[in-house]
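Please treat every number below as a calculation from the coordinates, not as lab data. Since the model is a prediction, treat every value here as computed from it, not as a measurement. Note that each Cβ is placed from the backbone with ideal geometry, even for glycine, and that neighbours are counted across all protein chains shown.
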């Protein structure tokens with residue numbers, strides 16, 4: 001069961017990282033963009049670390065306060081929940 005969670009986290013974090021790069025590329029080309037809510041949804045379902053890394057690797061969304069604050073807050077909440085669950089077990 002734990003391996004399913006590990007695989008999920010790897011895949012969703014890779015997706016969070018990749019969509020930052022894809023959206024940055026589209027922004028430079030003036031193409032259709034990925035809606036901002038997609039970044040937050042991916043972060044909320046476990047891809048916050050990948051999204052955060054992608055923000056800074058691709059220098060994307062780093063001028064928007066709601067990303068600079070929101071994504072790390074989501075990550076912090078996820079870390080706290082994980083720690084509480086680990087300690088409870």
- Query: What nm value, rounded to one decimal, do you get for the distance between residue 88 and residue 3 when each label is placed 7 Å out toward the C-beta?
  - Reply: 2.6
- Item | Length-normalised contact order of the stretch 11-72 in % [C-alpha pairs under 8 Å, at least 6 apart] | 42
- Task: Would you mind checking the tilt of helix 65-88 against the longest principal axis of the Cα atoms of the chain, expressed as 0 to 90 degrees and rounded to 10?
- Result: 10
